[in-house]
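The numbers here are math on the coordinates, done by the rules we state, and not lab data. Worth saying up front: this structure is predicted, and the values here are computed from it rather than measured. Quick reminder, even Gly has a Cβ in these numbers, built from the backbone with ideal geometry, and neighbours come from all protein chains shown.
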Amino acid sequence: MAKIFEGKIVSLKMQNTAVVEVLRRVPHPMYKKILKRTKNHKADTAGLTLLVGDRVRIVEVRPLSKDKHFKVLEKIK
């Protein structure tokens, strides 16, 4: 089962690649306060027309390069 995440595009400076920031909300192990955790994933754009700030859905695929393991599925309105 492939992992699917939603995130925001923070960079489009590489060719055919977008950096997508994925936000997770997790409870603190002891105090149970909800904390925000973010992670940047490099994703293949595959010819899509995207802008910085767009909300996108990314899916895990086979490694496409040294650190690119995701592909942009679709742009979310």
Q) Quick one: is THR45 of a type in the set (Ser, Thr, Tyr), in contact (Cβ under 8 Å) with a residue 12 or more places away in the chain and closer than 18 Å to ILE76 by Cβ? A) yes
Q.
Any residue in the stretch 5-33 that is touching a residue at least 12 places away in the same chain (Cβ under 8 Å) and over 12 Å from PHE70 (Cβ atoms) sitting within a Cβ distance under 7 Å of a residue that is surrounded by 12 or more Cβ atoms within 10 Å (Cβ to Cβ) and among the hydroxyl-bearing types (Ser, Thr, Tyr)? List the pairs, counting only those 6 or more apart or interchain.
A. ASN16/THR45
